[in-house]
Amino acid sequence: MPRVVVVSPPFLSHAQPLSVLAGALRERGAEVHFACAPAFEHLARREGTGFVPLSVTRNANTGVAEATRQDAREAERLREFLDATREGAVAALLAQARHRRADMLADPEGVLDALRTTDRRLRPDWYVVDQLSYPVTLALHCLDLPYATFCPGHPSYVLSGPDTWFGLPYAWPDALRPDGDALEELSGAVRANDEAFTALFAAFAREHAPSRPAPGRAFALSSPHAVVHAYPELPWLPTPPEGTVRLFTGHMAAPAPELDPQWQARLKGLRDVAARVVLVALGTFLSARDDVLRTVVEGVLAGLPDTAVVVAAGERTRALADLAGDRAVVVPSVPQQALLEHVDAMVHHGGGNSFTECLRAGVPALLLPFSSDQFSVAYDAQRSGAGVVRDPNTLSPEDVPTALQTLWATAGPRLPGLSASVRGRGPGWAAGELLATMGRRMGGS
């Protein structure tokens, strides 16, 4: 029985799918420990795995970013990021580039020591680590411990060549193409980050593991054995480097649960007055953009009289309470995977989890990307026919009905086939393939 430690950063959108993978590995015979910040221990308990308290960054998000207890500097950086999203795509990406050191390499020595201690205590056969947990990957490299990489977002997070850059979308959807000057500024910032992080990684490795090979480009550092992508294998994605097994799982969500009686009653009430229901959720960070949530809801209520909405408003629920009524439910959070089995469309921010969960459920989506890999995901949704894309900062209430009507008219032909391919894989398939791959790699090493 192999022993596996799955290491996650303290962000719900990462910890949730990683814990599902941990549970799937356990179901296939592995002894699994889930390592994350203490606030996420319940995910390990839910999946029946062991738990190792391990914090790999000072930042955190336990479900709604604004409601998560942060130190003053982290809270300030969150506000800076949200303010930047109001200025547009490039401003948001530039803010993320400025924050990257504190986000991704806050305490590499502490992480190295914690992993060394964990390895001595548990003696796992190998690890699974989130691609964005760079201090963990660096520590595993320095300790010469076998690991697989889990890529939670767009596959381009694992760089495919020397001309690809972390923080620069591999493609832009039509609605959000920056001009040349803005792109040049962003390209300069991400290249500078690449050089700075690579130098930091090299210096850290020289100090702590002088006999190990240099880690190379920091943002390209990932497992030489296997990369698990929580994403469908779309034919136009960048070609990854050869030599590493790439497992495109389609999605990394647990089986969709049944709705509880309260939500069944809410949906029945909406269906009594509307032919269609739209789910609106902008993710754990971006629910703070209540201006965009308001625009979407007002647009639906005014322009689509046969349509109702369910809105995940996070900490902005009270600010949007005036929108609630017979055709609108406004709540802090929603059982997204369960609701997707019962709605006619979703409006989301282009997060990888939302994109793949919509694909699994066969639900078309209106994407409003703000930051990170959301522009790349939005491009894929647009090209695949699974969604339409609009700029959240220029969207007006009058635009919303037109966008949703376009979505319903155009998403039909290709979405069922893509949905079937996504449902055909998932966590169980990924766990089986990963165990087989690591068994072959470790057996031959």
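Since every read-out is calculated from the coordinates, none of them should be taken as a lab result. These figures come from a predicted structure and were not determined experimentally. Cβ atoms come from the backbone with ideal geometry, glycine included; neighbour counts cover every protein chain shown.
For the chain, modelled as a Gaussian network with Cα springs under 10 Å, which listed residue fluctuates most, Ser222, Ser160, Ser376? Most flexible of the set in this elastic network: Ser160. Taking label positions 7 Å along the Cα-Cβ direction at both Glu207 and Glu80, the computed distance is 2.3 nm, reported to one decimal.
Close amide H pairs (under 5 Å, H built 1.01 Å from N) link Leu54 with Cys36, Ala37, residues at least 5 positions away or on another chain. What do you get for the angle between helix 352-361 and the principal long axis of the chain? Use alpha-carbon atoms, 0 to 90 degrees, nearest ten. Once rounded, the angle reads 60 degrees.
Among Trp429, Trp236, Trp172, the ranking by other beta carbons within 10 Å of each residue's beta carbon, starting with the fewest, stands as Trp236, Trp429, Trp172. For Tyr231, the residues whose modelled amide H falls within less than 5 Å of its own, excluding neighbours fewer than 5 places apart on the same chain, are Thr249, Gly250, His251. Among the listed options [x] 124; [y] 148; [z] 133, the one matching volume of the Cα convex hull per residue in Å³ as calculated from these coordinates is [z].
Of the chymotrypsin sites (Phe, Trp or Tyr not before Pro) found in the range 192-223, not one falls in a DSSP loop while having at most 11 other beta-carbon atoms within 10 Å. Dipole of the chain computed with +1 at Lys/Arg Cβ and -1 at Asp/Glu Cβ about the Cα centre; of Pro335, Ala256, Asn353, farthest Cα towards the positive end is Ala256. Compared with the dominant principal axis of the Cα atoms in the chain, helix 261-273 is inclined by about 40°. For the chain, the longest principal axis of the C-alpha atoms and the axis of helix 134-143 are separated by about 20°. Helix content alone sets the calculated 222 nm mean residue ellipticity of the chain: runs of n ≥ 4 DSSP H residues at -39500 (n - 2.57) each, divided across all residues, give -14500 deg cm²/dmol. Rounded if a/c is under 1.5, else prolate if a/b beats b/c, else oblate: with a ≥ b ≥ c from the C-alpha gyration tensor eigenvalues square-rooted, which is the range 179-295? The shape class here is prolate.
For the range 176-245, which GluC sites (Glu not before Pro) are in a loop by DSSP, counting at most 12 other Cβ atoms within 10 Å? Please report the intermediate quantities before stating the final value.
Values: sites: Glu184, Glu185, Glu195, Glu207, Glu233, Glu242; in loops: Glu233, Glu242.
Here the GluC sites (Glu not before Pro) that fit, given the DSSP loop and packing criteria, are Glu242.
Across the range 145-160, rounded Karplus estimates of 3J(HN,Hα) from the backbone phi angles (6.51 cos²θ - 1.76 cosθ + 1.60, θ = phi - 60°) give 9, x, 8, 10, 9, 10, 9, x, x, 5, x, 5, 4, 8, 4, 9 Hz, Gly and Pro being marked x. The ranking of Tyr170, Tyr231 from fewest to most other beta carbons within 10 Å of each one's beta carbon is Tyr170, Tyr231.
For Val7, the residues 5 or more places off, or on other chains, whose built amide H falls under 5 Å of its own are Ala35, Val128, Val129, Asp130.
Think of each Lys and Arg Cβ as +1 and each Asp and Glu Cβ as -1; about the Cα centre, that makes the dipole of the range 261-423 roughly 380 debye. Applying 1/(1 + (r/R0)^6) with R0 = 22 Å to the Cβ-Cβ distance of Arg423 and Arg46 gives a FRET efficiency near 0.50. Residues Trp408, Trp165, arranged from fewest to most other Cβ atoms within 10 angstrom of their Cβ, appear as Trp408, Trp165. Charge dipole (Cα centre; +1 on Lys/Arg Cβ, -1 on Asp/Glu Cβ; no other charges) of the chain amounts to roughly 1180 debye. Phi angles of the range 253-260 translate, via the Karplus equation with coefficients 6.51, -1.76, 1.60 and θ = phi - 60°, into HN-Hα couplings of 10, 5, x, 4, x, 6, 5, 6 Hz per residue; Gly and Pro are given as x. Classify the range 261-423: rounded, prolate or oblate, from the alpha-carbon gyration tensor (a ≥ b ≥ c, eigenvalue square roots; a/c under 1.5 rounded; otherwise prolate if a/b is larger than b/c)? Taking the square roots of the gyration eigenvalues as a ≥ b ≥ c, the range 261-423 is rounded. Phi angles across the range 321-338 convert, under the Karplus curve 6.51 cos²θ - 1.76 cosθ + 1.60 with θ = phi - 60°, into 3J(HN,Hα) values of 4, 5, 7, 5, x, 4, 10, 8, 10, 10, 9, x, 8, 9, x, 4, 5, 5 Hz, Gly and Pro given as x.
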